[in-house]
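The values are calculated or read from the model by the stated rules, or taken from the named source; none is laboratory data. Values in this document were obtained by computation on a predicted structure and should not be read as measured data. As a convention, Cβ positions derive from the backbone with ideal geometry for all residues, glycine included, and neighbour counts pool all protein chains shown.
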Amino acid sequence: MFQTDLLSSQTILVTGGGSGLGRAMAERFGALGARVGVLGRRVEPLEETVAAIRAAGGTAACASADVRDPHGVHLAIDAIEAELGPVNGLVNNAAGNFLSAAEDLSPNAFDSVVRIVLHGTFHTTQDVGKRMIERGTGGTMLSIVTTYAWMGSAFVLPSACAKAGVLAMTRSLAVEWACYGIRNNAIAPGPFPTEGAFSRLMAGDIEEQAKKQIPLGRFGEPGELANLAAYMMSPGAAYMTGECVVLDGGEWLRAGQEFSRYTEYPREAVKQVFGAMRPRK
Ligand code: HXC
């Protein structure tokens with residue numbers, strides 16, 4: 001759906017690029033001509049992403065760092081720039097999450113998720129942003145949040161707090177850094193089946209129940225998120241900043257709509273009920 005050189009002017013760093021949605025985006029960016037740097041904690045998955053991008057004819061490099069450690073992040077970006085040249089695109093995808101009742105969270109449990117998601121996003125965003133500002137190149141940033149960034153969600157309190165913070169960071173910097181030619185946007189995915197997320201968040205029959213709540217009747221596919229991310233990172237989206245695009249098959253709207261429950265019944269039966277309720281003249 002895109003010209004194959006769509007991202008050829010860009011060197012894009014993807015955090016958490018060794019697996020799941022991060023890897024899907026990294027591979028798509030590589031196929032569209034970007035030089036792709038992937039950053040994460042474990043080296044092996046990062047190397048697999050790099051190998052896949054190179055095997056498809058692209059250019060890629062990786063460096064290991066924990067996004068919670070600003071100095072480690074700085075050194076990893078140095079290493080990636082030494083191989084690929086100046087980074088002018090950043091995708092904040094690395095995340096941490098697990099299910100827990102709020103009253104059972106230890107301070108360290110809350111801290112570990114918030115430090116990955118919120119502080120980690122700040123560390124990469126500030127480090128890459130300073131490079132873009134110093135060089136005067138401008139650039140494009142994209143953060144992966146979730147639809148509960150504005151609704152909140154039971155049982156994932158640290159993640160909900162942190163994602164809300166990332167959305168606020170996105171909108172704040174869209175205004176503050178526009179003068180440097182830096183765009184800052186977000187995508188809010190609903191459920192996408194990846195090992196990292198589903199193994200931690202979907203217990204029992206919750207997965208089947210979740211699917212039934214999605215008006216389009218299925219979970220998202222990583223390639224669909226990669227399509228949207230490629231567009232939002234591309235020069236074609238040059239006028240978009242401070243935006244958060246929802247990609248959830250209509251899930252969050254359905255959850256909040258009073259009469260959406262009627263969609264659970266056969267449409268003809270629903271129409272008959274509506275007809276029977278209509279006042280007779
Ligand atoms: C309660 C838990 C816990 C759990 C860890 N902790 N898992 N508490 N329930 N399931 C507590 C530990 O006891 C410890 O507190 C503290 O959290 C830190 O745990 P560590 O294992 O030492 O931390 P660390 O190794 O840094 O791991 C971080 C992590 C882990 C967040 C806990 O899950 C992780 O690495 N996740 C990365 C990948 C990931 O989560 N991906 C999914 C993102 S999905 P104490 O007090 O004992 O020291 C996502 C999308 C959601 O975000 C959207 C869906 C629609």
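Listed conditions (1) under 18 Å from LEU99 (Cα atoms); (2) out of contact with any helix residue (DSSP H, G or I) (no Cβ under 8 Å at 6 or more places or on another chain) are all met by VAL175, apart from (1).
Here's the yes/no breakdown for (1) over 13 Å from GLU243 (Cα atoms); (2) touching a helix residue (DSSP H, G or I) at 6+ places or on another chain (Cβ under 7 Å); (3) part of a helix (DSSP H, G or I):
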{"residue": "MET169", "(1), (2), (3)": "no, yes, yes"}
{"residue": "ALA186", "(1), (2), (3)": "no, yes, no"}
{"residue": "PRO193", "(1), (2), (3)": "yes, no, no"}
{"residue": "SER199", "(1), (2), (3)": "yes, no, yes"}
{"residue": "ALA203", "(1), (2), (3)": "yes, no, no"}
{"residue": "GLN209", "(1), (2), (3)": "yes, no, yes"}
{"residue": "ILE214", "(1), (2), (3)": "yes, yes, no"}
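Scanning the stretch 262-272 for residues that are assigned to a helix (DSSP H, G or I) and under 21 Å from PRO215 (Cα atoms) yields TYR262, THR263, GLU264, ARG267, GLU268, ALA269, VAL270, LYS271. Taken over the stretch 108-122, the residue count meeting the criterion of being within 7 Å of the ligand (Cβ to nearest atom) and over 25 Å from MET141 (Cβ atoms) is 2. Looking only at the stretch 87-98, decide whether some residue is in contact with a strand residue (DSSP E or B) (Cβ under 9 Å, 6 or more places away or on another chain) and surrounded by fewer than 19 Cβ atoms within 10 Å (Cβ to Cβ). No - not one qualifying residue is present in the stretch 87-98. In the stretch 157-176, the residues that are within 15 Å of ALA94 (Cα to Cα) and basic (Lys, Arg) reach residues that are part of a helix (DSSP H, G or I) and within 13 Å of the ligand (Cβ to nearest atom) with C-beta atoms within less than 6 angstrom, at least six apart or across chains, in these pairs: LYS163/ALA149. Within the stretch 61-85, residues that are closer than 17 Å to ARG131 by Cα reach partners that are of a type in the set (D, E, K, R) and away from the ligand (no atom under 16 Å from the Cβ) with beta carbons closer than 8 Å, at six or more positions or on different chains, in the pairs PRO70/ASP127; VAL73/ASP127; HIS74/ASP127; ILE77/ASP127; ILE77/ARG131; GLU81/ARG131; LEU84/ARG35; GLY85/ARG35.
The listed residues are SER143, SER100, SER153, and the only one of them that is free of Cβ contacts under 8 Å to residues at least 12 places away in the same chain and either within 12 Å of the ligand (Cβ to nearest atom) or within 17 Å of the chain's Cα centre (by Cα) (or both) turns out to be SER153.
Take SER153 and decide whether it is under 22 Å from SER234 (Cβ atoms), at pLDDT 95 or above and either in contact with a Cys (Cβ under 7 Å, 6 or more places away or on another chain) or of a type outside the set (Val, Ile, Thr) (or both). Here the answer is no, as SER153 does not meet what is asked.
Looking at ALA76, ALA34, ALA51, just one residue is away from the ligand (no atom under 16 Å from the Cβ), crowded, with 18+ Cβ neighbours inside 10 Å, more than 23 Å from SER234 (Cα to Cα) and modelled with pLDDT of 95 or more, and that residue is ALA76. For beta carbons closer than 9 Å, sequence separation of 6+ or different chains, a first residue in the stretch 186-205 that is over 12 Å from PHE219 (Cα atoms) and near the ligand (Cβ under 10 Å from one of its atoms) and a second that is of a type in the set (Lys, Arg) and at pLDDT 90 or above, the qualifying pairs are ALA188/LYS163.
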